[in-house]
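Since the structure comes first, as structure tokens, the remarks are kept for the end.
The values are calculated or read from the model by the stated rules, or taken from the named source; none is laboratory data. Fair warning: this is a prediction, and the values are worked out from it, not measured in the lab. Note that we place each Cβ from the backbone using ideal geometry, even for glycine, and neighbour counts take in every protein chain shown.
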Amino acid sequence: MNNRVRVLKDIFWILSFSGLVAALLRMLFGLGATTNLTDGIPWGLWKVFNMIAGVALSTSGFTVGFLVYVLRLDRFKPYLKPAILIAFLGYGCSCLALLFDIGLPYRFWHPIFMWNINSFLFEVFWCVLLYFTVTAIELAPLIFEGLKAQKLVKFFHGIAFVVVIIGISLSSLHHSSLGSLFLVSPQRLYPLWYSPRLPLLFILSAMGGGIMLLVMVRIIWAKFYNPEPVFGPVSRQETTMIHDSRGLVCAVSSRKEPGFEMPDISRLALIGTGILLIYLLLKITDLVALGTWRELLSGQSESWLYGIELTFGLLLPLVLMLNPRTRNKPVPVGVAAGLAAFGMVFNRLNVGIFGYFRDAEVVYFPSLTEWALGLGVIAAAGLVFLGLAEYLPVFDDKPANAYLRKIKIKSTSTSHQVWNVVLADSLHRVSLLAVFVIPISFILMYPPYRGSEAALIKPSLGVDLQRSILEIDGDRRGYTTTFNHADHQRRLGDTGSCARCHHICVPKDKSTPCFRCHQYMHDSTNIFNHEEHKLFVARDEKLNGWHPENYACEKCHSVGTPRTKNSARDCLECHRENMFLVGEPTKEMKLMYASSFCLAMHENCLACHRQEAVKPEYAHLGECSTCHKTLQRKDREKIVTAEVM
Amino acid sequence: MELWIDFARGPLFALTFLIMLLGLARLIIIQIYSIVARKGRRLINAPWKKIFREALSWVIPVRHLIPGTKIFSIVSFSCHIGLILVPLFLANHIVLWEDLFDINLPQLSSSVADYLTLFTIVCLFILFGFRVFSIRLRSMSRKSDYVILIVVLLPFITGYMAVHPKMNPFSWNVVMLLHLLSAALLFILIPFTKLAHIVLFFFDRISAIHWQLRPGAGDQVAESLYGKEAKV
């Protein structure tokens, strides 16, 4: 087997296995624990990169279908099969990624029966669903040809024309609707990308980008499997033997003329370039017409992003393609195609994610789980693509297996030899990858091991000398709660009432603030210091030996049982006096863990508030707004500036 | 130090244990696949009853003792009792299984576990001694055989010291961390060394399947050994 193909497959397998683990963890732990999505940026990598950009990249299925079946350009017929395969796999992995992105994945079928005809997403759902079916039908002849079911092949060939027409109309519907999704938030999306003509821009760039991706895949495929039709034949006279520094003999060959298929490829790329040119003109007209071009010069991070998208994703490929010197050579065309596809994906990321940063006031970077699943789905699609194309005649008349040759071992390095020769059997090799990749990606992504990323809870903002009013904003998010300490103290019975809320203190302290133990907003904290307890007990009991703390275990843990927190003595046996515990401790009260700040505050306050809210005169105590009076930060600023003026 | 122990007990344990489980599963799959792929239909006619009876006889291999290495074999076999029972059923480990997989295993009483551990350690030392001093066994041993014996020995020694902190010249934390790290090393080595006989044992012992020869196989062997003219 070709060595380069094997390395590519190894990478794909690694990504797919980590994606598998990510999918599992997302299903077990939910979106909140596994992704970095927030209320500000609720559409992340999976939605924008996998779904919106992924669907847009697989437009080649309908554009090439249009060229061949409607315009009757028979020279593009060889590109129909790979285009349909790309479309099928692209839509497949978009749907798969979306399945993990929606909150309740098992309800994905709801839009089929519960219609919301006012929603763009409803239309997108139906079009994607139908078009996925259409690509499957379009792909069927290829599969049945491989299975040698000639009758079915004939049947599917017969209905191909109708199916392609349906596919074209469905595609032109939903690619524009994907752009319409962003029309609903003109205030939120950064003005550089917002335009009333987003639907048109989306469908044009998707068509151009899709064709360019097909061109790129064709050229890379040729590089990997069968270079001759694209890169040109190797002329015998030009082959020279060179001895390199390691004493190995290398054959250096030169290809002067591009292959016989290159003119067609470059024509296809030119069609894509034409569409992109219209897209570029429309985009610039839009900038001028809406007057948003000023933002481009403002030097904000957004203008840089827009600049990158425009130069590398549009202008550079256009220059490469329109220059007659480069547009017939495989490498520049491949680079141009790759850049154009990248530019289209980058545009979707800009519109879907980066454009919202300024409004949401948060910066979103996908978590490892999101990367793993997002790339893993694509890698799995790549594996299916390579697998199908190796056994079925996708690109040429014969399957690519025919071009694969056995690796000749030249290297003397042992590890290289082991990897290529001993593990040549794909079962041995892939399973060995799985054995290492799955555990490593598991512990890297397992939410409890990711550690508490939340910052420590901080003391209340405003505390005056009498501790009369506390302004509490534990995680400094800008949402404060005002707590009238003096008022509560007075109402609950002055001195001696402290114990009603301060239920436990750090040893030798009399009023430990809440945040000392309840250290995280949504996570519990371990408040028991095992290390120090061992040392203190050994010191207090005056134990001897090489390591006195080795003798301390039995002071707390009962002998002969496993030393866990269950076999330990209650903390209060020693600490009854100096921790000022109130009330009788419950049996679970091992004083190991303090609950999360959020939970602790709610439990502590609400117990009383709920009791009191029963009385008609204190009915308001049961409402959230009694404590959470604070408005959003932004509105606060407005109010403050209004007062100043 | 507590942080290191927590790390070794949490992520590192999960990592190495998963590698071990998946690695062993991989070996089972490859074994089954290769048997099915190579033997195919002939598996149906294999004398399964005989094969299984043969394989079961290896569970208590009294019949298979070879004169000359009898003591070695007996020690090695009895060493396995502790090797299997203590890691699985020690009270401290049962808590671990309960936390991780939510399964309740029966418990070895602590005195039995202590004696078994000491017995296993002694057995392992004897095996090591055999491999060093007996000429016959020394010539059969590779470097990895000595290394693996030491790696298996480490968790038992450190574990015993951790359970009896008073007999322990080092701090409990250090011993515990060593115990966890050596166990992690053992987990990783299991599927990739001869320790894989944890699962491959069953496949080795049904080797009768592998030796079902094709008709005319003898002639082929003879031909490849002695040239074309040779006949069986």
Handout entry: Matching entry among A:Arg500, A:Arg450 (being basic (Lys, Arg), at pLDDT below 80 and touching a helix residue (DSSP H, G or I) at 6+ places or on another chain (Cβ under 6 Å))
Key = A:Arg500
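Please find, among A:Thr292, A:Thr326, A:Thr285, the residue that is modelled with pLDDT of 90 or more and surrounded by fewer than 20 Cβ atoms within 10 Å (Cβ to Cβ).
Going through A:Thr292, A:Thr326, A:Thr285 in turn, just one is modelled with pLDDT of 90 or more and surrounded by fewer than 20 Cβ atoms within 10 Å (Cβ to Cβ): A:Thr285.
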Exercise for the section: For B:Ile209, indicate whether it is in the same structural domain as B:Lys49 (by TED's automatic domain parsing), modelled with pLDDT under 75 and crowded, with 16+ Cβ neighbours inside 10 Å. Expected result: yes
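How many residues does the stretch A:300-317 contain that are aromatic (Phe, Trp, Tyr) and touching a residue at least 60 places away in the same chain (Cβ under 8 Å)? Quick ask: steps written out before the conclusion?
Going through the stretch A:300-317, the residues aromatic (Phe, Trp, Tyr) turn out to be A:304, A:306, A:312.
With touching a residue at least 60 places away in the same chain (Cβ under 8 Å) added as a condition, the list becomes A:306.
Count: 1.
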Practice task
Determine which single condition B:Val147 fails, assuming it passes every other condition in (1) closer than 19 Å to B:Ser78 by Cβ; (2) in a helix (DSSP H, G or I).
Solution key: (1)
Practice task
All but one of (1) exposed (fewer than 13 other Cβ atoms within 10 Å of the Cβ); (2) assigned to a helix (DSSP H, G or I); (3) of a type in the set (A, V, I, L, M) hold for A:Ala499, so report the exception by its number.
Solution key: (1)
Completion exercise
Within the stretch A:508-520, of all residues that are surrounded by 18 or more Cβ atoms within 10 Å (Cβ to Cβ) and in a loop (DSSP other than H, G, I, E, B), the one farthest from the other protein chains (Cβ to nearest Cβ) is A:His518
Practice task
Give the stretch B:1-50 a look and list any residue that's of a type in the set (Phe, Trp, Tyr), more than 10 Å from chain A (Cβ to nearest Cβ) and touching a Phe, Trp or Tyr at 6+ places or on another chain (Cβ under 6 Å), or say none.
Solution key: none
Exercise for the section: Name the one entry in B:Arg142, B:Arg131 that is more than 29 Å from A:His428 (Cβ to Cβ), more than 12 Å from chain A (Cβ to nearest Cβ) and of a type in the set (D, E, K, R). Expected result: B:Arg131
Problem - Residue ID - nearest to the other protein chains (Cβ to nearest Cβ), chosen from residues in the stretch A:555-573 that are in contact (Cβ under 8 Å) with a residue 12 or more places away in the chain and among the charged types (D, E, K, R) - result: A:Lys565
Exercise for the section: Mind listing just one residue for me: the one in the stretch A:534-554 that is of a type in the set (D, E, K, R) and surrounded by fewer than 16 Cβ atoms within 10 Å (Cβ to Cβ) and, of those, farthest from the other protein chains (Cβ to nearest Cβ)? Expected result: A:Asp540
Practice task
Looking only at the stretch B:79-100, count how many residues are surrounded by 14 or more Cβ atoms within 10 Å (Cβ to Cβ) and touching a helix residue (DSSP H, G or I) at 6+ places or on another chain (Cβ under 9 Å).
Solution key: 14
Problem - Count of residues meeting criterion [of a type in the set (Gly, Ala, Ser) and crowded, with 24+ Cβ neighbours inside 10 Å] in the stretch A:171-194 - result: 2
Handout entry: Pair list, Cβ < 7 Å and 6+ apart or interchain, from the stretch B:6-30 residues that are over 14 Å from B:Ile190 (Cα atoms) to residues that are in a helix (DSSP H, G or I) and β-branched (Val, Ile, Thr)
Key = B:Pro11/A:Ile443; B:Ala14/A:Ile443
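What helices (runs of 4 or more DSSP H), lying completely within the stretch A:318-400, carry at least 1 residues that are touching a residue at least 60 places away in the same chain (Cβ under 8 Å), under 30 Å from A:Leu28 (Cβ atoms) and outside the structural domain of A:Arg267 (by TED's automatic domain parsing)? Lay out the reasoning, then the answer.
Details: elements: A:330-352, A:357-360, A:368-391.
In the stretch A:318-400, the matching helices (runs of 4 or more DSSP H) lie at A:368-391.
Given the residues A:Val64, A:Val21, which is the only one that is assigned to a helix (DSSP H, G or I), modelled with pLDDT of 90 or more and more than 27 Å from the chain's Cα centre (by Cα)? Quick ask: steps written out before the conclusion?
Working: A:Val21 fails: more than 27 Å from the chain's Cα centre (by Cα).
Selected residue: A:Val64, the only one of A:Val64, A:Val21 that is assigned to a helix (DSSP H, G or I), modelled with pLDDT of 90 or more and more than 27 Å from the chain's Cα centre (by Cα).
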Exercise for the section: Test A:Leu314 against the stated conditions and say whether it is over 17 Å from A:Met216 (Cβ atoms) and part of a helix (DSSP H, G or I). Expected result: no
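Taking the condition of being part of a helix (DSSP H, G or I) and under 20 Å from A:Leu181 (Cβ atoms), how many residues in the stretch A:43-61 meet it?
Applying the first criterion (part of a helix (DSSP H, G or I)) to the stretch A:43-61 yields A:45-57, A:60-61.
Filter again for under 20 Å from A:Leu181 (Cβ atoms), leaving A:45-57.
The qualifying residues number 13.
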Problem - Pair list, Cβ < 8 Å and 6+ apart or interchain, from the stretch A:99-111 residues that are part of a helix (DSSP H, G or I) to residues that are surrounded by 10 or more Cβ atoms within 10 Å (Cβ to Cβ) and of a type in the set (D, E, K, R) - result: A:Phe100/A:Arg26; A:Asp101/A:Lys47
